[in-house]
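The values are calculated or read from the model by the stated rules, or taken from the named source; none is laboratory data. Everything numeric here is computed off the predicted structure, so don't read it as measured data. Don't worry about glycine lacking a Cβ; one is built from the backbone with ideal geometry, like all the others, and counts go over all protein chains shown.
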Amino acid sequence: MSLRFPRTVTALSSLGITALLLAGCASGSTPTPTATAGGGTSTTAPPQGQPTPSATATASADATCDSIIDADTHAELSAQGWTFRETPFAAGGVTLDEGLQCTWADYTVPSGNLLLFGWGLVTDSQAATMQQGLVTEGWPREESGGQVFITEDPMQAPTVDDNGYGMTYEFGDGWVMVADTKQNLLLIQRPQS
């Protein structure tokens, strides 16, 4: 089963997250607001200057919610009083033993503003099952640069990035990542062995 946020939570997140992330953050790596399908805004990362995942899998022993996003993003979220909740990495009917999903939000207020980042080690069989499960649920599949991307149906996604992509899974050689938008996959740093 894939992780989906209730429509009320994600719809509410489209406006407040931009203001929270941009307040007092003037660095070049600050996420920028973009339009959403519902007329609100979404937070997305600029493609330049962000880490690009390598094509090989690494050990997950060091994977934590503190370490899978880049240091600047972590610092910005923490400075705004945001914390994370860690859950197992689950999608398409598969739960990974070596993976985690991190939902960042200000849990002290009932705003619904959040960001999702996840990473895990995946076998070829698990990846195929996850992908098939997501596609069966109506998520479009694309291939680009040797990676597979499976994204929430844009007609159903309450929050999207500059290119119209909502929550997106990226499958590489022995690993999988997820973020609340495709552009925000660029903020994830896979653990190094």
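Being over 14 Å from the mean Cα position of the chain (by Cα) and more than 20 Å from Tyr107 (Cβ to Cβ) is the filter here; which residues of segment 77-95 pass it?
Gly92, Gly93, Val94, Thr95
Please work out if Gly99 is under 20 Å from Asp62 (Cβ atoms), touching a Phe, Trp or Tyr at 6+ places or on another chain (Cβ under 9 Å) and either part of a helix (DSSP H, G or I) or not hydroxyl-bearing (Ser, Thr, Tyr) (or both).
Details: under 20 Å from Asp62 (Cβ atoms): yes; touching a Phe, Trp or Tyr at 6+ places or on another chain (Cβ under 9 Å): yes; either part of a helix (DSSP H, G or I) or not hydroxyl-bearing (Ser, Thr, Tyr) (or both): yes.
Against the criterion (under 20 Å from Asp62 (Cβ atoms), touching a Phe, Trp or Tyr at 6+ places or on another chain (Cβ under 9 Å) and either part of a helix (DSSP H, G or I) or not hydroxyl-bearing (Ser, Thr, Tyr) (or both)), Gly99 qualifies.
Which residue out of Met130, Met155, Met167 is touching a Gly at 6+ places or on another chain (Cβ under 7 Å) and aliphatic (A, V, I, L, M)?
Working: Met155 fails: touching a Gly at 6+ places or on another chain (Cβ under 7 Å); Met167 fails: touching a Gly at 6+ places or on another chain (Cβ under 7 Å).
One residue alone meets the criteria, Met130.
Among the residues that make up segment 100-107, is at least one of them farther than 15 Å from Ala179 by Cβ and at pLDDT below 95?
The answer is yes, given that some residue of segment 100-107 is farther than 15 Å from Ala179 by Cβ and at pLDDT below 95.
For the structure I just gave you, tell me whether Ala91 is surrounded by 13 or more Cβ atoms within 10 Å (Cβ to Cβ) and either at pLDDT below 95 or of a type outside the set (Ser, Thr, Tyr) (or both).
Details: surrounded by 13 or more Cβ atoms within 10 Å (Cβ to Cβ): yes; either at pLDDT below 95 or of a type outside the set (Ser, Thr, Tyr) (or both): yes.
Answer is yes for this residue.
From the list Thr108, Thr123, which residue is closer than 25 Å to Asp62 by Cα and among the hydroxyl-bearing types (Ser, Thr, Tyr)? So that I can check it myself, show each step before the final result.
Details: Thr108 fails: closer than 25 Å to Asp62 by Cα.
Only one candidate qualifies: Thr123.
Identify the residue in segment 97-122 that is under 21 Å from Asp70 (Cα atoms) and small (Gly, Ala, Ser) and, among all such residues, is surrounded by the fewest Cβ atoms within 10 Å (Cβ to Cβ).
Per the criteria, the residue is Ala105.
Find the residue count for segment 76-103, including only residues that are touching a strand residue (DSSP E or B) at 6+ places or on another chain (Cβ under 8 Å), without any contact (Cβ under 8 Å) to a residue 60 or more places away in the chain and hydrophobic (A, V, I, L, M, F, W, C).
Residues that pass the stated criteria total 4.
More than 13 Å from the chain's Cα centre (by Cα) and either in a strand (DSSP E or B) or surrounded by 15 or more Cβ atoms within 10 Å (Cβ to Cβ) (or both): which single residue out of Met177, Met155, Met130 fits that description? Before the answer, list the steps.
Working: Met177 fails: more than 13 Å from the chain's Cα centre (by Cα); Met155 fails: either in a strand (DSSP E or B) or surrounded by 15 or more Cβ atoms within 10 Å (Cβ to Cβ) (or both).
Met130 is the lone residue from the list that is more than 13 Å from the chain's Cα centre (by Cα) and either in a strand (DSSP E or B) or surrounded by 15 or more Cβ atoms within 10 Å (Cβ to Cβ) (or both).
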